[in-house]
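Before any comments, here is the structure.
The values are calculated or read from the model by the stated rules, or taken from the named source; none is laboratory data. The shown structure was predicted, so the numbers you read here are calculated from the model rather than taken from an experiment. Note that we place each Cβ from the backbone using ideal geometry, even for glycine, and neighbour counts take in every protein chain shown. SASA here: full protein model, heavy atoms, side chains in, ligands and nucleic acids out. Shrake-Rupley method; radii C 1.70, N 1.55, O 1.52, S 1.80 Å.
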Amino acid sequence: MTGVDLLWTAVKVVAAIVLFGLNIAGLLGWVERKQSAVMQDRIGANRADIFGITILGLFHPIADALKMLTKEDFVPKGVHKPLHGLAPIISLGAGMFCLAALPYGGAVTFAGRVWDLQPIASSMGVPLVLAALAFGVHGIVMAGFASGSNYGLLGGLRGAAQMIAYEVCLASALAGALFLYGTLDLQQAVLWQAHHVWGVLVQPLAFILFLTAGAAITKRTPFDLPEGESEIIGYHVEYSGMKFGMFLMTDFFESIVVCGLITALFLGGWAIPGVDLLAMGAAGGATALIAAVLMLASFTVKVLLLLFLLMQIRWTLPRFRFDQLLDLGWKNLLPLTLVNFLVTVWGVYLWR
Amino acid sequence: MAMTEGTGPAAPVMGKGSMTVRVVERPKRTFATQIFLIEVWKGLGVTFRHLFVNLARHALRALGITGQPGAVTIQYPEDPAVLGKRARTRHRLLKREDGAPRCTACLLCETICPAKCIRITAENAPDAMVEKRAKTFDIDLGMCIFCGYCAEACPVDAIHMDANEVEISSYSRKDMIWNMAELLGDAPKVPGGTA
Ligand code: SF4
Ligand code: SF4
């Protein structure tokens, strides 16, 4: 690795987390308020203003961030201090790592050098991201355990049970698709789709299963039992200030990561049908720059549309009961993912 | 769940039409409902319809074309609060035709008030037919629970809760106490004034 490579990787990682992750997370805070308001015939938060300008309440996420940064970070008596502090860092860190491993674009030749637009490229991309997503649950269990509060512990345990149930479905839903693509590399999966056909068309069942399990992984309604805002508050009940903000941000990051994964594995990633972005990127000069912009834009738009859908689901469905949740995961989703895998393997075998 | 026949001699005999029974069918758990997906999309259809219809209405309004509003929200401090015709709001003391307060200081309202927030002192009235009248009449709105018992208890219809005013908050507990002149409408309520 040369110095330029290292620098470029650092730039990409920071850009993925700050430009992509933080911006969309902030935007999601606004979308969450406004979308729920409009579909419930309300107006939504519109009061935060700077010199009387409100621009549809877009300043509310900024006000939120300021509030969390300036609030007292209260640590109650009886918590396990080191773990209490470590938990949100683990959760957020796992989310950040996943963000950095998404394929935002392919390779682009510019100024005599090939620039890869994926921050952390790895031939084991999919398992890596899934593992990091699963690692995030440690933060939740740790938070619940360290809080010294029964509500927090309940939330943490629920989170653990839910995560285990749906992590399995998440991975096995992908089995069929990955068998088809013949790779574990996110970038290669996107390339396969760019050359053949979008994954959602050949693996529709896996798409739906992955979407469902992904929604469960992000711990948002209808799967928000670890939080359970209306009853136990959940694993972050003893958190305040920016530590709470980190948990909140993790939720948004995980939503973005799941939508990014769906985009990369089922919706063609950065590819645009009918436009050969790879050839454009290899052409160099201004064409390559345009290709890079198109790749990033295509990926972002797809992620945003998915987030819109997830947000709509979040505000439409009521929460599951816990036994229903586990039933859905273990008894329905998991067998279906296995059936999907078997059918795919058979199909490929017969087709060859 | 039809009415059961009398099971013993003690069972009451229901005359025809004395009670109507409506049988509510439980929704069947069919395969279509149990795979969730169809039902989820039906629900999403409702919320998506609301979302896009409301967005279109907001957009039309923003363009200056008036139509139905996209939200039922009342932007309260800017737009006036909409009170029902029979809304129970701040108390008001009423006057007789000759301008004297109707209240005869019978203390019924003070007695019934569950929050114990009415304080009345009585004095002799110049009118021999009335005998008594209120010298002071204070209501501590900070303690009032707006139950309306005082207005109901009054035998001479001297106190109403229809001032149609809901903005009665203030920065001190003392300012929440309204005296007789203020309740009669003879003096404006001034924050930090006499109470
Ligand atoms: S409304 Fe009820 S609480 Fe208020 S002054 Fe009248 S009786 Fe007392
Ligand atoms: S019940 Fe009526 S008349 Fe009697 S003290 Fe109260 S307001 Fe006056």
Notebook entry, point to check: For B:K95, which sequence-distant residues (separation of 5 or more, or a different chain) have an amide H within less than 5 Å of its own amide H, given hydrogens modelled in the peptide plane?
Noted result: B:R102
Next item on the list: May I have the extent of the alpha carbons of chain A along their three principal axes, as whole Å values ordered from largest to smallest?
Entry: 60, 53, 47
Notebook entry, point to check: Expressed as a whole percentage, what fraction of the accessible surface of region A:1-59 belongs to carbon and sulfur atoms when a 1.4 Å probe is rolled over the protein heavy atoms?
Noted result: 75 percent
Item checked: Average projection area in nm² (convex hull over Cα atoms of chain B, one quarter of hull surface) -> 24.7 nm²
Note to self: I need the per residue convex hull volume for region A:52-160, using only the alpha carbons, in cubic angstrom as a whole number.
What the structure shows: 199 Å³
Next item on the list: Calculate how steeply helix A:204-217 sits against the longest principal axis of the alpha-carbon atoms of chain A, using the helix alpha-carbon long axis, and give the answer as 0 to 90 degrees to the nearest 10.
Entry: 30 degrees
Next item on the list: Kindly report, to the nearest 10 Å², the accessible surface of A:M249 as traced by a 1.4 Å probe over protein heavy atoms only.
Entry: 50 Å²
Next item on the list: Please turn the phi angles of region B:90-96 into ³J(HN,Hα) values with the Karplus equation 6.51 cos²θ - 1.76 cosθ + 1.60 (θ = phi - 60°), one per residue in order, whole Hz, x for glycine and proline.
Entry: 4, 5, 8, 9, 9, 10, 7
Notebook entry, point to check: If we count trypsin sites (Lys or Arg not before Pro) as exposed when they sit in a DSSP loop and have at most 15 other beta carbons within 10 Å, what is the longest stretch of chain B that avoids them all?
Noted result: B:117-172
Next item on the list: Over all alpha-carbon pairs in region A:1-116, figure out the percentage whose distance exceeds 22 Å.
Entry: 58 percent
Margin query: For A:D116, what residues show an amide H to amide H distance below 5 Å, using hydrogens built from the backbone and excluding near sequence neighbours?
Written below: A:V108
Next item on the list: Give, as a single signed number, the net charge of other residues whose beta carbon lies under 13 Å from the beta carbon of A:R319, with Lys and Arg counted +1 and Asp and Glu -1.
Entry: 0
Note to self: Distance between the C-alpha centers of region A:24-83 and region A:228-249? Whole Å please.
What the structure shows: 14 Å
Notebook entry, point to check: So if R0 is 30 Å, what FRET efficiency would A:T109 and A:N23 give, r being the distance between their Cβ atoms, rounded to the nearest 0.05?
Noted result: 0.60
Notebook entry, point to check: In sequence order, what are the phi-derived ³J(HN,Hα) couplings for region B:21-34 according to the Karplus relation 6.51 cos²θ - 1.76 cosθ + 1.60 with θ = phi - 60°, rounded to whole Hz, with x for glycine and proline?
Noted result: 10, 10, 8, 9, 6, 6, x, 6, 8, 8, 4, 4, 7, 7
Margin query: Students often get this wrong, so check it: of A:K12/A:K302; B:K132/B:K174; A:K302/A:K331; B:K85/B:K132; A:K71/A:K243; A:K34/A:K67, which have C-alpha atoms separated by over 22 Å?
Written below: B:K132/B:K174; A:K302/A:K331; B:K85/B:K132
Note to self: Please compute the modelled spin-label separation between B:L60 and B:D98, points set 7 Å along Cα→Cβ, answer in nm with one decimal.
What the structure shows: 6.2 nm
Checklist line | Calculated FRET efficiency for the pair A:D327/B:W41, C-beta based, R₀ 22 Å, to 0.05 | finding: 0.60
Checklist line | Shielding of A:256-264 by partner chains, average beta-carbon count, 10 Å | finding: 0
Next item on the list: Using only Cα atoms, tell me the angle between helix B:37-62 and the longest principal axis of chain B; keep it within 0 to 90° and round to the nearest 10.
Entry: 50 degrees
Item checked: Distant-in-sequence amide H partners of B:A122 (H built 1.01 Å from N, under 5 Å) -> B:K135
Item checked: Under 12 Å from the Cα of B:K95 - aspartates and glutamates, other chains or at least 8 residues apart -> B:D157, B:D186
Next item on the list: Restricting things to alpha carbons, find the Rg to Rh ratio for region A:149-274 using the Kirkwood radius for Rh.
Entry: 1.08
Notebook entry, point to check: Taking region B:92-184 as the region of interest, what is the percent of Cα-Cα pairs per 5 angstrom bin, listed from the shortest bin to the one with the maximum distance?
Noted result: 3, 13, 25, 27, 18, 9, 4, 1, 0
Margin query: Among B:P69, A:F253, B:M129, which residue has its Cα furthest toward the positive end of the charge dipole of the protein assembly as shown, with +1 on Lys/Arg Cβ and -1 on Asp/Glu Cβ?
Written below: B:P69
Next item on the list: Could you state how much accessible area A:E254 has, in square angstrom rounded to the nearest 10, with a 1.4 Å probe and all protein chains kept in place?
Entry: 10 Å²
Next item on the list: Add +1 for every Lys or Arg and -1 for every Asp or Glu among the other residues with Cβ under 15 Å from the Cβ of A:I217, and state the total.
Entry: -1
Checklist line | ³J(HN,Hα) computed for each position of region A:188-198 - Karplus, 6.51 cos²θ - 1.76 cosθ + 1.60, integer Hz, glycine/proline x | finding: 5, 4, 5, 4, 4, 5, 5, 7, 9, 8, 4
Next item on the list: Would you kindly state how much longer the chain becomes between A:E229 and A:L305 on full extension, computed as 0.36 nm times their sequence separation minus their alpha carbon distance, in nm to one decimal?
Entry: 24.7 nm
Next item on the list: At 0.36 nm per residue, minus the direct Cα-Cα distance, what do A:A63 and A:V14 gain on full extension? Give it in nm, one decimal, please.
Entry: 15.3 nm
Next item on the list: Stick to Cα atoms and the Kirkwood definition of Rh, then tell me Rg/Rh for region A:199-352.
Entry: 1.07
Item checked: Listed residues B:W41, A:W330, A:W351, A:W270 arranged by accessible area, highest first, probe 1.4 Å -> A:W351, B:W41, A:W330, A:W270
